[in-house]
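These notes are about the structure you will find just below.
The values are calculated or read from the model by the stated rules, or taken from the named source; none is laboratory data. What you are looking at is a predicted structure, and each value in this text was computed from that prediction instead of being measured. Neighbour counts are summed over all protein chains in view; Cβ atoms, including those assigned to glycine, are modelled from backbone coordinates with ideal geometry. Ligands, DNA and RNA are stripped out before the accessible areas are found, and what is left, the full protein with its side chains, is counted by its heavy atoms. Shrake-Rupley method; radii C 1.70, N 1.55, O 1.52, S 1.80 Å.
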Amino acid sequence: MFNKLTVLFVVVLLATVVIGTGKERLVVYTYDSFVSWGPAAALEEVFESQHDCDLQFIAAGGAKTTLSRLLAERDASGTKADLFMAEVNEVPRIMNYDLFLPVTKEDIPNLALVPEELLLDPGGGFVPYEYGYITLTYDSQVLTEDELPRSLDQLSDPRYARMLVCEDPRTSSTGFSFLLWTIARFGEEGYLDFWQAIDPTILTITSGWSEAWAMLSHGEAPLIVSFSSDTAYGAMYEDSIRYRAFAPGGQGYRTVYGIGIVKETTKPELAKAFIDLLLSIEIQEQLPGTEIMIPANSHAQLPPEYDEYLVIPEDPLMLPLDLVGERMERWLHDWERAIVAK
Amino acid sequence: MAARLGAGDRGQVKRGGFILFVGLLAFLGLVFYHPLFRVLQRGLTEGGKWSFSPLGTILTDGYYLHIIVFSLKQAIMSTLLSLGIGLPGAYLLTRYSFPGKTAIRSLTVIPFVLPAIVVALGFILFFGNSGWVNQWLMSLFHLSNPPLHILYSLTGIVLAHVFYNAPIVTRVVNAAWEGIDPEIDEAASSLGAGGIRRFVGITLPLLSPALLSSAALVFIFSFLSFPIVLTLGGARYATIEVGIYTLVRTLLDYRLGSALILVETALSLSFTYLYLKAEGGFAVLTQGSRRLVVYPLFVRKASIGRVFIVVYIVIISVFFLGPISSVLVDSLRVAGRWSCESYRQIFALSYNPFLGVSPLRTVLNSLFIGGIATAISLPVGTLIAMFAVRSRLPGRRLIEAILMAPLAVSSVAIGFAVLYGLGGAPLHLSGTLIAIALAHAILTYPFVVRVIRPVLEGLDPSLVEAARSLGASRNRAFFEVILPLIGPGMLAAAVFAFALSIGEMTATIMLMRPGLGTMPVAVYSLLSARQFGAASAMGMILIVVTAVAFLAIDRLGKRGTKCQSL
């Protein structure tokens with residue numbers, strides 16, 4: 001009985017594989033939100049109409065999880081990824097593993113429109129396509145503006161007990177940025193005390209940003225670590241600004257997302273063409289509305305909702321990347337011990 | 001039986017059996033013992049040399065010690081609470097008669113075999129901050145904040161473990177209780193012993209093997225729990241299983257991951273040994289000629305005892321039916337209306353970004369993996385059962401224990417062993433469905449053994465002898481006499497293995513890469529994205545598949561020879 005079933009499923013699987021292939025395939029490893037919210041579908045349509053290929057996005061969790069998976073695959077039997085999208089704090093790790101092929105403005109003409117201050121990879125493989133700020137986002141039906149914490153310190157107030165959802169810095173780039181924020185704010189000697197002080201405030205620590213956002217939007221928690229563009233997103237799509245970003249104490253942590261070409265790719269030209277399309281004004285102007293981030297291309301126009309609702313922290317923080325690369329493991333190690341093993 | 005055959009036959013049986021047995025050992029060596037050995041070796045080497053340094057790191061680092069202690073702590077709490085909730089149920093099932101009693105007894109197997117990720121889903125939908133219970137309480141008492149906080153805490157983890165372990169306590173203890181000879185009790189009663197004294201002095205000692213064995217079982221399952229802790233605990237609560245998963249899959253630290261597996265395996269081997277000891281104690285149970293007297297549960301006479309019984313029944317009904325019903329209802333409601341849309345989504349061919357493939361593909365992956373895993377674990381398990389029943393080798397108990405080793409090795413460890421041992425050269429199974437199917441075959445074959453072994457033990461050897469004396473060849477005797485007799489048992493074992501594979505998430509998540517997701521992994525991904533409708537629809541399919549499978553086993557077990565695998 002199972003033999004027949006097995007044969008049937010083998011046939012079905014083979015059939016799907018055969019139907020699915022045929023064209024040259026360009027595989028982009030990305031994070032959940034780029035596919036579920038981001039411009040992936042639009043990119044696929046435009047790119048496949050310009051080039052005779054099958055563009056495939058693979059999202060397997062948050063940005064940090066995807067990098068581990070890619071590195072593990074590369075270690076085991078090679079990866080099928082041609083391009084990889086990551087948050088800028090991964091750059092030290094990416095350089096360590098020599099993952100990206102360096103690119104220049106000659107390879108990617110649109111790179112000339114990206115401001116120098118966003119070009120943060122000394123190796124030149126990590127091409128920024130959007131940036132933003134990690135701040136907090138609250139549910140305005142549960143908390144009023146007056147009730148919000150005026151600074152990170154106030155999060156330890158008992159009135160916020162079990163209200164905050166943050167992301168695991170070991171698995172989520174948003175969570176990692178928040179951890180860096182606390183280090184930039186309280187210093188290496190003080191950040192663990194802060195984390196211990198807000199332990200009663202934390203409802204749970206999710207493995208990625210999508211999960212935290214899902215908990216906010218399903219009424220499971222009124223406060224999450226998220227992006228400063230969340231209010232603008234609500235105004236654009238939900239016709240409601242129920243979920244609002246705010247920068248406690250005027251602070252937020254800078255985050256930059258970029259893409260690079262995996263060294264082992266057999267299609268470097270196609271990959272470069274993809275990055276150029278990603279940096280084109282046409283796609284870049286979609287980012288505020290899909291990725292809910294600020295385009296890296298300085299010629300791209302921002303939608304009116306951004307002018308009105310985008311929260312730009314007066315005091316944006318960002319630790320030097322070489323410091324992050326050097327201390328990352330120790331910080332995560334210490335955080336793990338302070339928060340998980342209390 | 002072999003002893004009664006002629007000398008020539010015995011030689012033939014031995015030779016054939018020997019070849020099969022060597023083949024079996026070679027296969028298990030390749031896919032299980034050697035990979036597991038390599039993992040354990042990895043945990044005991046540093047820079048290519050034997051060293052205690054990784055183990056030393058684990059055993060001196062406060063973080064890993066915390067994880068180990070937390071695993072033990074939550075397992076002890078889960079065990080005690082499962083006994084507390086399960087025992088009254090066993091008492092009710094034993095001493096009272098009520099309509100639907102047989103059905104309820106059969107249903108006690110369901111929570112235990114439900115995929116843990118579905119239990120987690122049910123808990124979030126029912127007990128979550130925006131779940132049913134909190135919504136009711138908020139609208140009932142006009143509250144602005146959810147009053148009940150049980151998820152994302154130790155309480156949530158323990159309650160979820162109780163959900164799927166308490167029924168097994170009920171089941172095991174009830175079976176033992178009904179086997180007690182009522183005459184002992186009656187004799188004590190006629191000598192003037194009161195109810196409490198008889199319970200403490202007679203019933204409890206007679207039940208203690210069943211209590212110990214079910215407690216040990218609950219303890220081991222809670223100790224090795226993965227999906228529930230991962231989903232309901234968040235990053236702040238980690239068991240050893242979650243710790244290994246984090247080390248291996250996100251931090252890529254194979255060295256410490258292997259060392260932690262070493263510690264875990266040592267612990268779970270000790271616990272499994274205790275469990276098997278306790279289970280062996282079943283043999284001392286008396287089997288009475290008469291059954292216990294049962295009383296009708298529903299009578300008009302009210303008493304304090306009856307009130308307690310009613311309260312207990314109401315609480316456990318809400319506790320057990322709530323999470324399952326919320327999965328069912330949620331799968332059928334879209335945007336406040338009744339709809340089958342979520343089920344349509346599950347069978348959609350279109351790509352789903354949260355899964356990395358189409359939902360239908362995860363269903364097909366599950367069926368494919370289940371089919372291959374069953375096709376491997378059924379013959380492997382049957383051969384081991386035959387060995388256990390027939391062999392007269394010296395040291396066969398030890399060999400049998402070694403053959404059943406996957407029972408004592410955690411799913412994360414088996415997943416990692418396959419990943420680490422078979423992922424690279426020469427087989428290059430890394431990132432294939434076959435790797436997942438092999439891990440499932442290893443995880444399920446001990447259960448095949450447990451189903452088939454009692455069937456073989458119950459086989460009357462004189463039937464085969466009669467066939468042989470009437471001139472049937474050995475093969476003919478096997479196909480026409482033995483096979484029809486053990487057929488229902490084999491079918492039950494196959495269904496069992498298939499259902500276990502369909503619901504398996506832990507080893508799968510250790511081995512999967514994008515595109516290889518199965519149904520439980522899909523439930524996890526959809527649940528994480530709070531796509532509750534699709535997660536619930538997928539969860540319902542898993543509930544139905546496992547429930548049908550295990551009810552079928554229950555029936556097959558009754559029709560054929562006694563099969564008390566659970």
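Across the residues of A:260-267, average count of Cβ atoms on other protein chains within 10 Å?
On the way: counts 0, 0, 0, 0, 0, 0, 0, 0.
Per-residue shielding by partner chains comes out at 0.
For chain A, what is the calculated [θ] at 222 nm in deg cm²/dmol (nearest 500), taking -39500 (n - 2.57) for each run of four or more DSSP H residues and dividing by its residue count? Could you put the intermediate results ahead of the total?
Values: 13 runs with 137 residues, N = 342.
The helix-only estimate for chain A comes to -12000 deg cm²/dmol at 222 nm.
Which peptide among B:327-335, A:238-246 comes first, and what is the full order, when sorted by highest mean count of other Cβ atoms within 10 Å?
My ranking of the peptides, most packed first, is B:327-335, A:238-246.
Classify the stretch B:418-566 from the C-alpha gyration tensor, please: rounded if a/c falls under 1.5, else prolate or oblate depending on whether a/b exceeds b/c.
Working: a/c = 3.80, a/b = 1.83, b/c = 2.08.
Oblate, since a/c reaches 1.5 and b/c is not below a/b.
Before I look further, what does the stretch B:402-514 give for accessible area per residue, probe 1.4 Å, in whole square angstrom?
33
Taking both sides together, what accessible area is buried at the A/B interface, probe 1.4 Å, expressed in Å² and rounded to the nearest 100?
Adding both sides of the contact gives about 4300 Å².
Find out how many positive minus negative residues lie around residue B:413, taking Lys and Arg as positive, Asp and Glu as negative, among other residues whose Cβ is under 10 Å from that of residue B:413.
On the way: positive: none; negative: B:241, B:264.
Neighbour charge sum, excluding residue B:413 itself: -2.
What does the structure give for B:260-273 when I average, per residue, the other chain Cβ atoms found within 10 Å of the residue Cβ?
Per residue, the average neighbour count from other chains is 0.
Among the residues of the stretch A:62-94, which ones have their accessible area go down by 50 Å² or more when all the protein chains sit together, as opposed to their chain alone (1.4 Å probe)?
Relative to the lone chain, where solvent access is computed with a 1.4 Å probe, the stretch A:62-94 loses at least 50 Å² at A:68, A:69.
Would you mind listing how long the protein assembly as shown runs along its three principal axes, going by Cα atoms, in whole Å with the largest first?
92, 69, 56
Find out how many positive minus negative residues lie around residue B:206, taking Lys and Arg as positive, Asp and Glu as negative, among other residues whose Cβ is under 13 Å from that of residue B:206.
Charge balance in the 13 Å sphere: -3.
Output the residues of the stretch B:213-248 meeting this criterion: accessible area (heavy atoms, 1.4 Å probe) in the chain alone minus accessible area with all protein chains in place is 40 Å² or greater.
The answer is B:235, B:236 - residues whose exposure falls by at least 40 Å² when every protein chain is included.
Summarise the accessible area of the stretch A:133-266 (1.4 Å probe, protein heavy atoms) by the percent that is carbon and sulfur.
Result for the stretch A:133-266: 43 percent of the exposed heavy-atom area is carbon or sulfur.
How far apart, in nm, are two points set 7 Å out from the Cα along the Cα-to-Cβ line at residue A:337 and at residue A:74?
With each label placed 7 Å out from Cα toward Cβ, I get 3.0 nm.
Evaluate peptide A:202-215: per residue, the Cβ atoms of other protein chains within 10 Å of its Cβ; return the mean as an integer.
5
When ligands, DNA and RNA are left out and all protein chains stay put, how many square angstrom of accessible area per residue does the stretch B:94-172 have with a 1.4 Å probe?
34
Once neighbouring chains are kept in place and the probe is 1.4 Å, which whole percent of the accessible area of the stretch B:23-64 is contributed by carbon and sulfur? The partial results should precede the final answer.
Working: 1500 of 2150 Å².
Its accessible area is 70 percent carbon and sulfur atoms.
Please list, in chain and number order, the residues 5+ apart from residue A:204 or on another chain whose amide H is under 5 Å from its amide H, with Hs placed from the backbone.
A:166
Can you pull out the chymotrypsin sites (Phe, Trp or Tyr not before Pro) in the stretch A:92-138 that DSSP calls coil and that have at most 15 other Cβ atoms within 10 Å?
A:97
Can you give the calculated 222 nm mean residue ellipticity of chain B, where each DSSP H run of n ≥ 4 adds -39,500 (n - 2.57) and the sum is split over every residue, rounded to the nearest 500 deg cm²/dmol? Mind dumping the intermediate values first?
Numbers: 27 runs with 394 residues, N = 566.
Calculated mean residue ellipticity at 222 nm is -22500 deg cm²/dmol.
Using a Förster distance of 35 Å, how high is the FRET efficiency between residue B:472 and residue B:555, based on the Cβ-Cβ distance and rounded to 0.05?
0.70
Excluding ligands, DNA and RNA, what is the solvent-accessible area per residue of the stretch A:211-278 at a probe of 1.4 Å, expressed in Å²? Intermediate results must be reported in sequence, preceding the final value.
Values: 1910 Å² over 68 residues.
With all protein chains present, the stretch A:211-278 gives 28 Å² per residue.
Taking a ≥ b ≥ c as the square roots of the eigenvalues of the Cα gyration tensor of the stretch A:129-238, is the shape rounded (a/c under 1.5), prolate (a/b larger than b/c) or oblate?
In terms of gyration-tensor shape, oblate.
Mind ranking A:205-213, B:135-143 by how tightly packed they are, going by the mean number of other C-beta atoms within 10 angstrom, highest first? Intermediate results must be reported in sequence, preceding the final value.
Numbers: A:205-213: 25.9, B:135-143: 10.9.
Order by mean packing, descending: A:205-213, B:135-143.
Can you compute the modelled spin-label distance between residue A:144 and residue A:52, with each label point 7 Å from Cα toward Cβ, in nm?
Calculated label separation equals 6.6 nm.
For chain B, return all DSSP H helices satisfying: extent of Cα atoms along own axis at least 30 Å; mean Kyte-Doolittle hydropathy at least 1.6.
The qualifying helices are B:304-332.
What share of the DSSP beta bridges in chain A is antiparallel, in percent to the nearest 5?
60
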